[in-house]
Amino acid sequence: MKTTEYLNCMRCIVKLHESMLKVVCRRYDLSNTQAAVISFLCNNPDKNTAAQISQLRMLSKGNISTAVDGLVEKGLMDRQTDTYDRRSLRLCLLPAAEPIVRDVRQVFDDLFAELTDGFTRAELRQFHALTLRLEDNAYVAMRRRKRHG
């Protein structure tokens with residue numbers, strides 16, 4: 001596969017996911033970033049700081065902060081001081097966010113079903129393993145490039 005084809009494939013998947021999430025955004029009057037924050041938290045409950053979301057979703061800290069402020073104002077999220085590191089704030093989805101969480105999870109299920117239509121179980125296992133390797137390689141390469149300017 002040519003690099004251009006691979007990058008186009010990734011962009012296409014991201015665009016499909018974003019278009020599917022837009023339905024949730026319209027239904028609950030959320031910005032794309034607010035939906036991304038909720039989506040991230042419901043899929044990564046152990047990574048629940050703004051810094052972690054910013055780093056792993058590759059979104060600016062300012063955009064995350066704005067989204068979190070809006071979610072707190074809507075009563076969908078709360079900030080809680082970390083019991084071990086009082087300087088750190090943990091982001092917690094509130095019960096009012098549960099319908100959104102259900103819809104976001106359905107979006108993921110639908111997205112994965114559409115992307116893997118016709119795949120065998122063996123192909124799905126292989127796809128999962130290869131995806132993890134690609135992700136690891138990408139993070140290693142980004143860290144290396146950050147160190148070397």
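The values are calculated or read from the model by the stated rules, or taken from the named source; none is laboratory data. This one's a predicted model, so the numbers in the text were calculated from it and none came from an experiment. Quick reminder, even Gly has a Cβ in these numbers, built from the backbone with ideal geometry, and neighbours come from all protein chains shown. Only protein heavy atoms, including side chains, enter the accessible area calculation; ligands, DNA and RNA are left aside. Shrake-Rupley method; radii C 1.70, N 1.55, O 1.52, S 1.80 Å.
Would you confirm, using the coordinates I've provided, whether Asp46 is within 22 Å of Arg105 (Cα to Cα) and either assigned to a loop (DSSP other than H, G, I, E, B) or in contact with a His (Cβ under 9 Å, 6 or more places away or on another chain) (or both)? If you could, list the steps in order and put the result at the bottom.
Values: within 22 Å of Arg105 (Cα to Cα): yes; either assigned to a loop (DSSP other than H, G, I, E, B) or in contact with a His (Cβ under 9 Å, 6 or more places away or on another chain) (or both): yes.
Yes.
Residues that are part of a helix (DSSP H, G or I), open to solvent by 40 Å² or more (accessible area, probe 1.4 Å) and aromatic (Phe, Trp, Tyr): does the stretch 90-111 have at least one?
To start, the set of residues in the stretch 90-111 that are part of a helix (DSSP H, G or I) comprises 95-111.
Cutting the leftovers down to open to solvent by 40 Å² or more (accessible area, probe 1.4 Å) gives us 95-96, 98-99, 102, 105-106, 108-110.
From what's left, aromatic (Phe, Trp, Tyr): 108.
Yes, because at least one residue in the stretch 90-111 is part of a helix (DSSP H, G or I), open to solvent by 40 Å² or more (accessible area, probe 1.4 Å) and aromatic (Phe, Trp, Tyr).
Which numbered condition trips up Lys15, out of (1) closer than 26 Å to Leu89 by Cα; (2) of a type in the set (D, E, K, R); (3) free of Cβ contacts under 8 Å to residues at least 12 places away in the same chain?
(1)
What number of residues within the stretch 55-77 satisfy the criterion of being open to solvent by 60 Å² or more (accessible area, probe 1.4 Å) and more than 26 Å from Ala138 (Cβ to Cβ)?
Adding up the residues that qualify gives 4.
Among the residues of the stretch 78-89, write down those that are part of a strand (DSSP E or B) and either out of contact with any strand residue (DSSP E or B) (no Cβ under 7 Å at 6 or more places or on another chain) or open to solvent by 70 Å² or more (accessible area, probe 1.4 Å) (or both). If you could, list the steps in order and put the result at the bottom.
Just the residues of the stretch 78-89 that are part of a strand (DSSP E or B), to begin with: 78-81, 89.
Those that are part of a strand (DSSP E or B) and either out of contact with any strand residue (DSSP E or B) (no Cβ under 7 Å at 6 or more places or on another chain) or open to solvent by 70 Å² or more (accessible area, probe 1.4 Å) (or both): Arg79, Gln80, Leu89.
If you take the residues of the stretch 24-42 that are surrounded by 13 or more Cβ atoms within 10 Å (Cβ to Cβ) and in contact (Cβ under 8 Å) with a residue 60 or more places away in the chain, which of them is farthest from Glu135 (Cα to Cα)?
The residue in question is Tyr28.
Is it the case that Asn8 is under 14 Å from the mean Cα position of the chain (by Cα) and on the phi < 0 side of the Ramachandran plot?
Details: under 14 Å from the mean Cα position of the chain (by Cα): no; on the phi < 0 side of the Ramachandran plot: yes.
In short, no.
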